[in-house]
Amino acid sequence: MKQKLIQLIYLIFGDPKKNSLEHRLFNAISLVNGSLNILGSIFEETTEYSHRVIFLNLISGIILLIMYYFSRFKNIYYVLFWPLNLTILVYLSSLWFLHGGSNGGNHYYFIPALVIATILLKNHNILFIYGFYAFVTGSLYIFEYFYPNFIVPQKDRDTEYMDLGGNYIFVQILTGILIFILSRNLNIERKKSDNLLRNILPESIADELKMNDTVQPKRYDSVTVLFTDMAGFTQIAEKMSPEELVKELHFFFAEFDKIAKKYGLEKIKTIGDAYMAVAGLPTPNNTHARDTVFCGLEFQQFMKKQKLERQNQGLPTWELRLGIHTGSVVAGVIGTEKFAYDIWGDTVNTASRMESSGLAGEVNISLDTFHFVREDFICESRGLIKAKNKGEIEMFLVKEAREV
């Protein structure tokens with residue numbers, strides 16, 4: 001029931017995932033006020049000037065509902081900022097003359113009207129908006145003072161106080177509803193931005209960035225870095241359209257993300273067909289090497305499974321080179337826009353060489369990583385392997401986990 005109600009609200013006012021807070025508020029204001037004005041034209045009390053009030057309510061209600069239609073279903077609302085505000089101001093100003101002026105209580109509505117205009121203003125000049133509203137309300141008071149005969153008075157004192165009290169209470173309710181909508185939607189927007197930030201940065205780093213606007217670089221004495229690269233990527237990529245290539249990479253990297261998360265690795269970045277992740281930060285632990293090797297083995301299992309399926313379908317196949325190294329790094333956020341969490345140090349370079357010197361379909365690890373995992377995995381020594389700009393490095397292939 002609750003889910004259906006939420007879906008109905010989203011259908012009427014707009015989905016928070018697709019529509020901005022301003023857009024949804026515009027939909028709500030135009031629909032609610034348009035509907036209330038039309039209802040007001042139906043239930044207006046019969047007086048000497050009631051036909052004018054009925055006409056005013058009916059015309060303004062229709063205009064507001066037309067704006068709602070264009071905003072909600074044609075996705076046009078920003079250009080309607082001034083038409084909406086002018087419609088509200090003309091309506092309130094007209095009621096000022098028809099409902100007792102400052103003694104009728106309609107002037108209370110100028111306050112939520114200004115609040116609405118401020119929320120919706122976006123790229124408009126806020127000082128101009130405030131000045132414009134101040135000019136309109138000030139002009140009405142001045143006009144009433146010098147030309148009171150233009151104001152239709154209330155028929156008696158009881159009607160005047162009922163009108164004042166009713167309008168005051170209704171404005172309080174309207175203001176409360178606005179605050180509720182704003183607070184709820186601001187919470188939704190905050191959650192969206194927090195989730196987005198946490199998808200870009202580790203949670204603790206995102207929290208630090210929000211608190212301090214900066215992230216202090218931090219040294220980690222022992223982490224394990226994983227690099228992967230698609231073997232034969234260039235040759236296969238030449239036969240694919242850009243759209244097909246991106247779709248293929250997304251398929252593999254999305255699975256890598258799931259596996260990395262399963263073993264507690266922090267994804268750092270992808271560059272083309274290369275994938276980089278690290279274990280042991282931002283929260284240090286003693287199992288980072290073991291976790292990374294398990295992750296690497298599952299990467300390769302996934303790739304081998306996909307290779308068999310693709311061979312059976314006659315599709316191009318991919319193989320993965322994967323390298324792992326353990327050591328110290330410095331981690332931090334670089335830049336002031338489009339933040340990126342990254343790691344630096346010789347450990348990163350060595351892990352990259354483990355990948356480039358590795359064998360397709362295998363998990364290639366350095367001697368430093370081997371010291372951490374030799375009790376947990378069966379490894380095969382490759383001896384000293386020449387690595388670019390690194391000389392000869394002792395490497396091992398991880399074959400499988402030892403039985404417990």
Legend entry - Cβ crowding within 10 Å averaged over residues, with 227-240, 361-374 ranked highest first: 361-374, 227-240
Legend entry - Modelled FRET efficiency - R0 45 Å, Ile378 with Lys191, Cβ distances, 0.05 increments: 0.50
Inset, instruction - Using a Förster distance of 30 angstrom, determine the FRET efficiency expected from the C-beta separation of Ser139 and Phe55, and round it to 0.05. - result: 0.85
Legend entry - Cα-based shape type of the chain, given that a ≥ b ≥ c are square roots of the gyration tensor eigenvalues and the cut on a/c is 1.5: prolate
Legend entry - Residues in segment 245-262 that a label on Arg198 would reach, taking backbone N under 20 Å of a point 7 Å out along Cα→Cβ: 257-262
Inset, instruction - Could you list, in their original order, any pairs among Lys4/Lys192; Lys258/Lys399; Lys17/Lys191 whose Cα atoms are separated by more than 19 Å? - result: Lys4/Lys192; Lys258/Lys399
Legend entry - Residue-span extension gain [Thr214 to Asp15] - 0.36 nm each, minus C-alpha spacing: 68.4 nm
Inset, instruction - State, to one decimal in nm, how far the label point of Ala340 lies from the label point of Glu244, with both points 7 Å from Cα in the Cβ direction. - result: 3.0
Inset, instruction - Please calculate how many Å² of accessible area the chain carries per residue, with a 1.4 Å probe and no DNA, RNA or ligand atoms counted. - result: 57
Legend entry - Helix axis angle, 81-98 relative to the chain longest principal axis, alpha carbon, degrees: 20
Inset, instruction - Any chance you could run the full-extension gain for Ile42 through Ile62? It's 0.36 nm times the residue separation minus the Cα-Cα distance, nm to one decimal. - result: 5.9 nm
Legend entry - Computed lengthening from Val90 to Ala274, 0.36 nm per intervening residue step minus Cα-Cα distance: 60.1 nm
Inset, instruction - With r as the distance between the Cβ atoms of Ala254 and Asn312 and R0 = 30 Å, compute the FRET efficiency 1/(1 + (r/R0)^6) and round to 0.05. - result: 0.85
Inset, instruction - Kindly give Rg over Rh for segment 27-126, based on alpha-carbon atoms, with the Kirkwood expression for the hydrodynamic radius. - result: 0.99
Inset, instruction - Name the lysines eligible as straight-distance cross-link partners of Lys239: C-alpha to C-alpha under 17 Å, and not fewer than 8 places from it in the same chain. - result: Lys247
Legend entry - Gap separating the Cα centres of segment 267-333 and segment 1-67, nearest whole Å: 54
Inset, instruction - With the full set of protein chains in place, find how many percent of the accessible area of the chain is carbon and sulfur; take the probe as 1.4 Å. - result: 59
Legend entry - 19 Å tail of the calculated P(r), segment 212-348, as % of Cα pairs: 54
Legend entry - Rounded tilt (10° steps) of 157-200 against the dominant C-alpha axis of the chain: 10
Legend entry - Angle between the chain longest axis and helix 50-73 axis [Cα atoms, degrees, rounded to 10]: 10
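The values are calculated or read from the model by the stated rules, or taken from the named source; none is laboratory data. Remember, it's a predicted structure, so these values are computed and weren't measured experimentally. Glycine also receives a Cβ, built like all others from the backbone with ideal geometry; neighbour counts cover every protein chain displayed. Protein only, heavy atoms only, side chains kept; ligands, DNA and RNA dropped before computing areas. Shrake-Rupley method; radii C 1.70, N 1.55, O 1.52, S 1.80 Å.
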